[in-house]
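Reading through the structure tokens given below for one structure.
The values are calculated or read from the model by the stated rules, or taken from the named source; none is laboratory data. Computed from a predicted structure; not experimentally measured. No Cβ is skipped: glycine too gets one built from the backbone with ideal geometry, and neighbour counts run over all protein chains shown. Ligands, DNA and RNA are excluded from the accessible area calculation, which covers all protein heavy atoms including side chains. Shrake-Rupley method; radii C 1.70, N 1.55, O 1.52, S 1.80 Å.
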Amino acid sequence: MPNQPISGNDLARFAGPQTFMRLPEADSPEGLDVAFLGIPMDIGTSWRSGTRFGPKQIRAESAMIRPYNIQTGAAPFDSLQMADMGDVSINTFSLADSLKIIEAAYDRLMEYPLVPATMGGDHSLTLPILRSIAKRHGPVALVHVDAHADVNDEMFGERETHGTVFRRAYEEGLIVPELVFQIGLRGTGYTAEDFTEAQGWGFNMTQAHELWHQPLTGLGQDIVKAIGDHPTYLTYDIDSLDPAYAPGTGTPEIGGLTTPQAMQLIRALRGLSIVGFDMVEVSPMYDTSGNTALTAANLMFEILSILPGVRVR
Ligand code: MN
Ligand code: MN
């Protein structure tokens with residue numbers, strides 16, 4: 001039997017190790033199918049900070065999650081070997097240096113056939129992860145759930161920030177533009193044409209208002225059909241959710257997705273060849289109820305439930 005989370009019936013949920021779902025810690029990626037990593041970073045943010053505390057809080061809230069997905073029948077921990085490899089030791093005084101540290105850390109991981117499951121941290125961390133992922137898998141398909149397209153050219157002259165990630169990924173050939181699906185976009189623009197250019201590259205954008213009051217199952221199924229078996233990276237910005245569901249984030253935008261829509265979308269993405277995923281932009285200081293980190297942890301569990309190789313009842 002692969003590693004199991006510590007059961008809440010064996011050790012009270014508020015006790016025990018500070019790992020994702022209280023899984024064992026691991027120093028080596030050897031033998032792992034899924035490696036959890038925290039990237040406690042917020043120096044790529046442009047508005048509120050605080051995501052440096054995201055991994056700690058997601059891990060804390062994840063202690064409540066039980067190992068079986070009753071609604072979908074998925075048994076991720078019976079199917080795959082998982083462990084928490086702790087936090088990447090970034091340089092909190094330098095974003096440029098931190099991105100290099102992250103890329104080097106994932107380069108070492110990518111020597112192994114595992115799925116990195118990253119807890120952020122601000123969204124700038126996805127760029128070095130994609131650089132590393134593309135070295136192993138080539139340009140990947142991308143499912144990007146976010147209020148923001150993160151395709152700015154620069155911010156204050158900086159080309160690597162949480163708002164420029166997917167333009168850099170496009171320019172560097174890390175992603176297949178026609179297989180990029182951005183979902184949940186909304187908010188006000190720096191210009192009225194903020195989304196137009198990336199659509200010209202081939203990016204598929206679904207804005208939040210197109211999804212208001214709609215089930216997201218069909219959208220998810222269409223994405224699976226379009227991507228097929230191409231290696232896919234899933235990047236999940238918690239600000240895709242409406243601030244009513246996820247207030248604890250750095251750049252909240254009204255009119256977002258609901259938690260049930262998020263679950264529908266992820267469940268419908270079953271069948272994708274996911275080679276890595278991240279959950280970013282959880283900022284605990286603005287998370288007065290803890291619901292944002294709780295939701296982030298549960299959405300990570302939903303993603304675990306659709307990974308290739310996970311048995312479903
Ligand atoms: Mn983002
Ligand atoms: Mn965002």
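If you take all other residues with their beta carbon under 15 Å from the beta carbon of G290, and give Lys and Arg +1 and Asp and Glu -1, the sum is +1. Computed from backbone phi with θ = phi - 60° and the Karplus coefficients 6.51, -1.76 and 1.60, the 3J(HN,Hα) list for region 198-213 is 5, 5, x, 6, x, 4, 9, 10, 10, 7, 4, 5, 5, 10, 3, 6 Hz; x is used for glycine and proline.
Compared with the dominant Cα axis of the chain, that is its longest principal axis, helix 217-227 is turned about 80°. Plainly put, region 194-243 has a radius of gyration that is 0.97 times its Kirkwood radius, both from alpha-carbon atoms, as the Rg/Rh ratio.
If you count, for each residue, the other Cβ atoms within 10 Å and average over each peptide, how do 258-266, 216-224 line up from highest to lowest?
The peptides rank, most packed first, as 258-266, 216-224.
Rolling a 1.4 Å sphere over the protein heavy atoms, what is the accessible area per residue of region 92-166, to the nearest Å²?
Numbers: 2590 Å² over 75 residues.
Result: 35 Å² of accessible area for each residue.
Taking Cα centre as origin and charging only the Cβ of basic (Lys, Arg, +1) and acidic (Asp, Glu, -1) residues, the dipole magnitude of the chain rounds to 900 debye. The long axis of helix 291-304 is offset from the longest Cα principal axis of the chain by roughly 80 degrees.
Axis angle, to the nearest 10 degrees, between helix 126-137 and the longest C-alpha principal axis of the chain: 70 degrees.
Taking a sphere under 13 Å around the Cβ of R52 and counting the other residues whose Cβ falls inside, with K and R at +1 and D and E at -1, yields a net charge of -2. Farthest toward the positive end of the dipole of the chain, out of G120, A63, T292, is the Cα of A63, where the dipole comes from beta carbon charges about the Cα centre. The label point for I254 and the one for R13, both projected 7 Å from the Cα toward the Cβ, are 3.3 nm apart. On region 20-304, 53 percent of the accessible area sits on carbon and sulfur atoms, based on a 1.4 Å probe.
Derived scalar couplings between HN and Hα for region 3-18 equal 3, 10, x, 5, 6, x, 9, 9, 8, 3, 4, 7, 10, x, x, 8 Hz in order, rounded to whole Hz, by the Karplus curve 6.51 cos²θ - 1.76 cosθ + 1.60 (θ = phi - 60°), x for Gly and Pro.
Quick one: grab the alpha carbon gyration tensor of region 237-278, order the square roots of its eigenvalues as a ≥ b ≥ c, and give me rounded if a/c is under 1.5, else prolate or oblate depending on whether a/b is larger than b/c. Before the final figure, lay out the partial values.
Working: a/c = 3.60, a/b = 1.79, b/c = 2.01.
Oblate.
Where does the charge balance sit around G16 when Lys and Arg score +1, Asp and Glu -1, over other residues with C-beta under 13 Å from its C-beta?
Value of the local net charge: 0.
Given axes a ≥ b ≥ c from the Cα gyration tensor, I'd like to know whether the chain is rounded (a/c under 1.5), prolate (a/b larger than b/c) or oblate. In terms of gyration-tensor shape, rounded.
If the chain between A96 and D78 were fully stretched, how many nm would it gain, using 0.36 nm times the residue separation less the Cα-Cα distance?
Working: separation 18, 0.36 × 18 = 6.48 nm, distance 3.91 nm.
Extending this stretch completely gives an extra 2.6 nm.
In this structure, the amide hydrogen of A35, modeled 1.01 Å from its nitrogen in the peptide plane, lies closer than 5 angstrom to those of V115, A117, counting only residues at least 5 positions away or on a different chain.
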